[in-house]
């Protein structure tokens, strides 16, 4: 038969050490199982980050006069208009991602000194490649739309 429960000096029954350790082990295993299930559900939840859209409208073609080079810093793009042609060039430096500024000779990176010509080709500094050109389309409502998911060949313009 089982051992009689022990009592302390005040006459209260004590829990045997074996029962206490078994209970403690059960609580630990149950806690580990619950943590595993919780982490599995957290892992399955998608971690989508909703940033700025990569396709956006910039306005009507007549808002950009011929010869204009207008930087839209919030979208990290520069709109270039030459006659009846429009293009969008990235203003994100290909070295470390700084925002380049349009200048008289092209683009200049204020962070590390990279220099680009008017077409975005590297002319100096640590930048490893030219600035990207993005596709520009004309929407049915007559507005220009830039698609940053669709890089195009340097020197490709949209006729408007």
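By DSSP, what percent of the beta bridges with both residues in the chain are antiparallel, rounded to the nearest 5? The antiparallel proportion sits near 100 percent. Radius of gyration over Kirkwood radius for segment 100-160, both on Cα atoms: the Rg/Rh ratio is 1.06.
Note on the chain: GNM, Cα springs under 10 Å; of 19, 112, 95, the largest mean-square fluctuation is that of 19. For 70, 34, the sequence from fewest to most other C-beta atoms within 10 Å is 34, 70.
Note on residue 20 and residue 118: the extension gain reaches 27.5 nm, defined as 0.36 nm multiplied by sequence separation minus the Cα-Cα distance. Bin by bin, in steps of 10 Å, what percent of the Cα pairs in the chain do you find, going until the bin that has the longest distance? Final binned percentages: 9, 26, 18, 8, 7, 7, 7, 7, 7, 3, 0. Between residue 138 and residue 111, residue separation times 0.36 nm minus the direct Cα-Cα distance comes to 6.3 nm.
Short-range pairs are left out: with C-alpha atoms under 8 Å and at least six residues apart, the relative contact order of the chain is 17 percent.
Read-outs throughout are calculated quantities, based only on the coordinates presented, and are distinct from any laboratory measurement. Computed from a prediction, not measured in an experiment: that's the story for all the values here. So basically every Cβ, Gly included, is an ideal-geometry build from the backbone, and we count neighbours across all protein chains shown.
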